[in-house]
Amino acid sequence: APAVAAPAPTPVTPVAPVAPAGIPTPKHEEHNFRVLAVDDSPLMRTFLQNKLQPYGIQPEFASSGEEALFKISKQHFDMIFLDVMLPGMDGYDVCKMIKKNKDNSLMKVVMLTSKDKTFDRIRGTMAGCDGYLTKPVDELKLRAIIERHTVTRK
């Protein structure tokens with residue numbers, strides 16, 4: 001019998017890969033939640049890395065406000081943990097500059113500081129920060145902030 005030519009395959013639109021049925025996709029993979037931790041203390045950067053890892057978050061780091069602003073100008077971050085006391089530009093000024101840029105409107109800025117006076121919180125709020133954590137960082141408060149912003153970000 002003569003060979004019958006198969007019809008040409010119809011082009012298929014590429015679709016994002018889907019996890020096999022029944023296997024939940026971790027939140028961080030779904031949204032690729034990006035975090036920048038800005039602190040001049042290597043100890044604090046290591047602490048944040050260790051505390052964010054269980055959430056599947058691999059933070060990027062900056063050790064100054066200027067370095068942070070440069071990184072933010074190159075890529076989007078969902079959340080920024082920002083130390084108040086930085087060499088050069090302080091965290092309040094960095095926060096104001098982040099919030100002034102309309103492209104960063106969805107970026108959440110959480111101030112990290114050893115200052116816990118009402119005045120410092122007001123300054124943070126006036127700079128536009130979305131949260132405030134005092135050092136040493138309380139792990140429950142850190143978790144609450146991460147969960148609030150990773151869950152509400154849709």
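Listed values, structure above:
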read-out: Which listed residue is at pLDDT 95 or above, out of contact with any Pro (no Cβ under 7 Å at 6 or more places or on another chain), not aromatic (Phe, Trp, Tyr) and not in a helix (DSSP H, G or I), from Ile23, Ile80; value: Ile80
read-out: Which listed residue is in contact with a Leu (Cβ under 6 Å, 6 or more places away or on another chain) and either aliphatic (A, V, I, L, M) or in contact (Cβ under 8 Å) with a residue 40 or more places away in the chain (or both), from Met79, Met111, Met126; value: Met111
read-out: Matching residues in the stretch 52-66 - criterion: being surrounded by fewer than 18 Cβ atoms within 10 Å (Cβ to Cβ), touching a residue at least 12 places away in the same chain (Cβ under 8 Å) and not polar (S, T, N, Q); value: Tyr55, Gly56, Glu60, Glu66
read-out: Qualifying residue in the stretch 86-108 (condition: open to solvent by 50 Å² or more (accessible area, probe 1.4 Å), among the polar types (S, T, N, Q) and more than 23 Å from Pro42 (Cβ to Cβ)); value: yes
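The values are calculated or read from the model by the stated rules, or taken from the named source; none is laboratory data. What you see is a predicted model; the values in this text were computed from it and never measured. Don't worry about glycine lacking a Cβ; one is built from the backbone with ideal geometry, like all the others, and counts go over all protein chains shown. We work out accessible area using only protein heavy atoms, side chains counted, and drop any ligands, DNA or RNA first. Shrake-Rupley method; radii C 1.70, N 1.55, O 1.52, S 1.80 Å.
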